[in-house]
Amino acid sequence: MFENKFIVRKEFILENRDNENFVVIDARGDMLKAGDFVYDRAIVLDWKEFTYLTGKDNEYVGLPFAREILLEKFSKYGITPNKKVLIYINTCPGFGMGEDGRFKFLLNFCGIEAYILDGGISEILKTDFYKKVEDDKEVNKASIDIDNKPFLSYEKSILTDELKSIYKDESVKILDVRYEEEYNGKIIFGEKFGGHIKRSKSYPYTKLYDEKGYLLNNSDIEKDILNLGISKSDLIIVYCTTGIRASIVYEILSMLGFNVKVYDESFGRWCITEEFEV
């Protein structure tokens, strides 16, 4: 079992359910469909509503909006800095894409206390507090924000130009957290080209979990990272396609004491403007 105060299980729900400042986000967004189960008081949100997605040639795509813009967006759903927020997805193999990590990343940026539910919907189903989605109209369809600009100075993110200037440094370790077949050149999510950043190491985000969708324990995850030739003194850059899967790896490695940043623009941008290999 992964141990950290921001990784919780069903007991956290039971302890906080009647707290008026407790909010639960089902981060599956428009992946939800009729027949799925959700926490009975969940707010269904989609990461695309909170992320810049309209840059030409994928420039800045995947970056968060400015803090004040995000706070305004979250406040529409009653999520404000005084709230305690729990986020879950379906973490079983083949379902989740790290959206819980992405929301925690964004909420941290906003100064909002956020927790990830280990095991996701499986852990919700261990409580008595769930219901079935009866109609697709209950699912929150994300609207793409075409008006606001991305925030370029978040200290936990790195942009393409900065990464280009340091990625050949031996003390900088780059983790490609997409599926292994993507690393090897397969295009799954619409990138212009397949392959990976030179010198990057493949560490699929799915390696964080066991076969039931629960996080591995701290020592097993740490051992996997150290076995890649990475130490806690190295700067680690994690990337995927638009920064979503990278965010969950960022969150977990940060909790383990690694020095990590997210390359939000990720391979969707890098493959258009910089050198890569297959």
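For this structure, a couple of remarks:
- Flag: Ile79 does not match the condition of being part of a strand (DSSP E or B) and touching a strand residue (DSSP E or B) at 6+ places or on another chain (Cβ under 8 Å).
- Residue ID - most open to solvent (accessible area, probe 1.4 Å), chosen from residues in the range 238-271 that are at positive phi and more than 12 Å from the chain's Cα centre (by Cα): Gly257
- Residues (on the phi > 0 side of the Ramachandran plot and surrounded by fewer than 16 Cβ atoms within 10 Å (Cβ to Cβ)) located in the range 80-114: Gly94, Gly111
- Answer from Glu11, Glu15, Glu49, Glu3 - the residue that is under 29 Å from Gly257 (Cβ atoms) and touching a residue at least 12 places away in the same chain (Cβ under 8 Å): Glu3
- Enumeration of residues in the range 145-192 that are under 24 Å from Glu49 (Cα atoms) and small (Gly, Ala, Ser): Ser153, Ser157, Gly190
- For the range 1-39, a tally of residues being open to solvent by 50 Å² or more (accessible area, probe 1.4 Å), over 19 Å from the mean Cα position of the chain (by Cα) and not hydrophobic (A, V, I, L, M, F, W, C) returns 7.
Yes or no, residue by residue, for (1) open to solvent by less than 50 Å² (accessible area, probe 1.4 Å); (2) at positive phi; (3) part of a loop (DSSP other than H, G, I, E, B):
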position: Ile116; (1), (2), (3): yes, no, no
position: Gly119; (1), (2), (3): yes, yes, yes
position: Asp128; (1), (2), (3): no, no, yes
position: Glu134; (1), (2), (3): no, no, yes
position: Lys141; (1), (2), (3): no, no, yes
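- Restricting attention to the range 164-211, the residues that are closer than 22 Å to Ile230 by Cα, open to solvent by 70 Å² or more (accessible area, probe 1.4 Å) and in contact with a Ser or Thr (Cβ under 6 Å, 6 or more places away or on another chain) total 1.
- Matching residues in the range 85-138 - criterion: being within 18 Å of Ile13 (Cβ to Cβ), of a type in the set (Lys, Arg) and under 18 Å from the mean Cα position of the chain (by Cα): Lys104
- Residue selected from the range 41-61 under the condition open to solvent by less than 40 Å² (accessible area, probe 1.4 Å), in contact with a helix residue (DSSP H, G or I) (Cβ under 9 Å, 6 or more places away or on another chain) and part of a loop (DSSP other than H, G, I, E, B), by the criterion farthest from Asp18 (Cα to Cα): Gly55
- The range 88-107, subset assigned to a helix (DSSP H, G or I) and in contact (Cβ under 8 Å) with a residue 40 or more places away in the chain, residue nearest to Leu70 (Cα to Cα): Leu106
- Tally, over the range 62-76, of residues that are open to solvent by less than 10 Å² (accessible area, probe 1.4 Å) and assigned to a helix (DSSP H, G or I): 2
The values are calculated or read from the model by the stated rules, or taken from the named source; none is laboratory data. Please read all numbers here as calculations on a predicted model, not as lab measurements. With ideal geometry, Cβ positions are generated from the backbone for all residues, glycine too; neighbour counts draw on all protein chains shown. Heavy atoms of the whole protein, side chains included, go into the accessibility calculation; ligands, DNA and RNA do not. Shrake-Rupley method; radii C 1.70, N 1.55, O 1.52, S 1.80 Å.
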